[in-house]
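Reviewing the structure listed below.
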Amino acid sequence: MTLQDFPPRFIQGLSEIHQSLDLTATKETAVRVASQIFGAHGASLMLFDRSHEVLKISEAFGLSEDYKSKGDVDPRKSIGETLQGNVVVIRDIATDPNLQYRQEAIKEGIKSIVGVPLGVKNVLIGSLRLYFSTIKDISWEEMEYLKMMAVHIGLALRKAFYFNAIRSSTTSIHLMPPFQIGESMLNLVKTATLSGLSKGCSLFLLKQESGMLERVASFGLSERYLRKGTLYVAQSIGEISTGKPVVISKVATDQRVQYREEALAEGIKAIIGYPVFIGKKIIGAMRWYYDFEFEPDEDHLVWKEYLAINVGLAIEKNQLLIQLKTRQDWYADILFEMDAKPYSIS
């Protein structure tokens, strides 16, 4: 493909990447389009698994199953684009020491690799990698186009992440079986953690008489941290006392964190808290914990607000079902007693 043909092909590729709200479809399109436009042997989308501090292939195009299953990628041993935050070119894998799986790449027929960091707004989420079957010299124009494509892939993933997060978490909430709220809420905070790109998430309910927060579900946090002590509304981060979301972007310097030293020991560097309502009454809070300093954008906060609203609706629905069952049981008892008593005519 000539340089003259490149811009229209590039624009067409970007439009394909932005077409779908579905996360899987977006990832599949991104690697296919990137590989085809840049004439690569294949492409992969590597996303961070923060719990294990590795990169995992989330989607790939043009690569064999053997190569895709070679193992997780350690950012410190790999080509380094996610650590440096810049495009990294491995021109000749046979001579470059910055490669974790050199023999597997050679077996795959790969001779050059280009890695581009990917971000969702201000959060680094992983890398786009292109694999070439010939030694590749990247021109300045190709490098600029590649950077631009990475930006658009990040934007498309961001949109799909949020849509998928809202869909999966709210579906999980409203499919909760009645009278099994504990198990359902555990699934909820797990979904909220993974879809929120966070280290962990907890759901708290407010004990009105004591002003304490009772943790009813948690995911991604150690038992040591969960046992740190009692949380009080008056001393905690403030989303319940104010009725508004609270963003703690830097736990290390923010005095609103009740157990700041324990949070830092847990590796928590940022916290986002949202009040949970039933009607106009605050009944608790959802909190997300991050292992990196984080200043969320408006879109990120919008989906968290929507999730917190649906948690309140689900808890209200469960309470109403309990009340209905209690009343039903009461009527059943009354009717049973009436049937059991003999009728008399005076």
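Taking the conditions exactly as written (within 31 Å of the chain's Cα centre (by Cα), outside any loop (DSSP other than H, G, I, E, B) and over 20 Å from Gln36 (Cβ atoms)), does Gly126 satisfy them or not? If you could, list the steps in order and put the result at the bottom.
Values: within 31 Å of the chain's Cα centre (by Cα): yes; outside any loop (DSSP other than H, G, I, E, B): yes; over 20 Å from Gln36 (Cβ atoms): yes.
Against the criterion (within 31 Å of the chain's Cα centre (by Cα), outside any loop (DSSP other than H, G, I, E, B) and over 20 Å from Gln36 (Cβ atoms)), Gly126 qualifies.
For region 113-140, name all the residues that are surrounded by fewer than 19 Cβ atoms within 10 Å (Cβ to Cβ) and of a type outside the set (Ser, Thr, Tyr).
Filtering region 113-140 down to residues surrounded by fewer than 19 Cβ atoms within 10 Å (Cβ to Cβ) leaves 119, 121-122, 124, 133-135, 137-140.
Result: Gly119, Lys121, Asn122, Leu124, Ile135, Asp137, Ile138, Trp140.
Somewhere in region 59-82, is a residue part of a helix (DSSP H, G or I), of a type in the set (Val, Ile, Thr) and in contact (Cβ under 8 Å) with a residue 40 or more places away in the chain? Show your work before the answer.
First, the residues of region 59-82 that are part of a helix (DSSP H, G or I): 65-68, 81-82.
Among the residues that remain, those that are also of a type in the set (Val, Ile, Thr) are: 82.
Within this subset, residues satisfying the condition of being in contact (Cβ under 8 Å) with a residue 40 or more places away in the chain are 82.
Within region 59-82, one or more residues are part of a helix (DSSP H, G or I), of a type in the set (Val, Ile, Thr) and in contact (Cβ under 8 Å) with a residue 40 or more places away in the chain.
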**OP:** Only one of these is of a type in the set (Gly, Ala, Ser), under 27 Å from Leu194 (Cβ atoms) and touching a Gly at 6+ places or on another chain (Cβ under 9 Å): Ala43, Ala25. Name it.
**Re:** Ala43
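Hey, can you tell me all the residues within region 248-295 that are in a strand (DSSP E or B) and either under 17 Å from the mean Cα position of the chain (by Cα) or surrounded by fewer than 18 Cβ atoms within 10 Å (Cβ to Cβ) (or both)? Write out each step before concluding.
Pass one, region 248-295, residues in a strand (DSSP E or B): 248, 270-278, 281-290.
If the condition is that a residue be in a strand (DSSP E or B) and either under 17 Å from the mean Cα position of the chain (by Cα) or surrounded by fewer than 18 Cβ atoms within 10 Å (Cβ to Cβ) (or both), then Ala270, Ile271, Ile272, Gly273, Tyr274, Ile278, Lys281, Met286, Arg287, Trp288, Tyr289, Tyr290 are the ones that fit.
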**OP:** Out of the residues in region 47-76 that are in contact with a Pro (Cβ under 9 Å, 6 or more places away or on another chain) and on the phi < 0 side of the Ramachandran plot, state the one that is surrounded by the fewest Cβ atoms within 10 Å (Cβ to Cβ).
**Re:** Val54
Subject >> Count of residues meeting criterion [part of a loop (DSSP other than H, G, I, E, B) and within 27 Å of Gly220 (Cα to Cα)] in region 22-56 >> reply: 5
Original post:
So which residues in region 32-68 are under 15 Å from Ala150 (Cβ atoms) and more than 20 Å from the chain's Cα centre (by Cα), if there are any at all?
Top reply: Val33, Ala34, Ser35, Ile37, Phe38, Ala40, Ala43
Subject >> Hey, Val257 at pLDDT 90 or above and more than 26 Å from Gly126 (Cβ to Cβ) or not >> reply: yes
Original post:
Using beta carbons and a limit of 8 Å, which pairs, at least six apart or on different chains, have the first residue in region 160-180 and more than 14 Å from Lys304 (Cα to Cα) and at pLDDT 70 or above and the second one of a type in the set (Val, Ile, Thr) and surrounded by 21 or more Cβ atoms within 10 Å (Cβ to Cβ)?
Top reply: Ala160/Thr26
Original post:
surrounded by 14 or more Cβ atoms within 10 Å (Cβ to Cβ), touching a helix residue (DSSP H, G or I) at 6+ places or on another chain (Cβ under 9 Å) and either more than 18 Å from Leu63 (Cβ to Cβ) or of a type in the set (Ser, Thr, Tyr) (or both): does that describe Met143?
Top reply: no
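Can you report the number of residues in region 303-323 which are more than 18 Å from the chain's Cα centre (by Cα) and at pLDDT 65 or above? Show your work before the answer.
Taking region 303-323 and keeping what is more than 18 Å from the chain's Cα centre (by Cα), we get 309, 312-323.
With the extra rule that they be at pLDDT 65 or above, the set shrinks to 309, 312-318.
Residues meeting the conditions: 8.
When the residues of region 105-120 are narrowed to those that are touching a helix residue (DSSP H, G or I) at 6+ places or on another chain (Cβ under 6 Å) and more than 14 Å from Ala40 (Cβ to Cβ), which ends up modelled with the lowest pLDDT?
The first filter runs over region 105-120 and keeps only residues touching a helix residue (DSSP H, G or I) at 6+ places or on another chain (Cβ under 6 Å), leaving 108, 115-120.
If we keep only those that are more than 14 Å from Ala40 (Cβ to Cβ) as well, we get 117-120.
Details: Pro117: 88, Leu118: 87, Gly119: 79, Val120: 71.
For region 105-120, the residue satisfying everything is Val120.
Which one is nearest to the chain's Cα centre (by Cα), of the residues in region 84-95 that are assigned to a loop (DSSP other than H, G, I, E, B) and surrounded by 15 or more Cβ atoms within 10 Å (Cβ to Cβ)?
Taking region 84-95 as the starting set, the residues that turn out to be assigned to a loop (DSSP other than H, G, I, E, B) are 85-87, 91-95.
Still in the running and surrounded by 15 or more Cβ atoms within 10 Å (Cβ to Cβ): 87, 91, 93.
Numbers: Val87: 24, Arg91: 33, Ile93: 33 Å.
Only one residue fits best here, namely Val87.
The values are calculated or read from the model by the stated rules, or taken from the named source; none is laboratory data. Predicted, not measured: the structure shown is a model, and the values here were computed from it. As a convention, Cβ positions derive from the backbone with ideal geometry for all residues, glycine included, and neighbour counts pool all protein chains shown.
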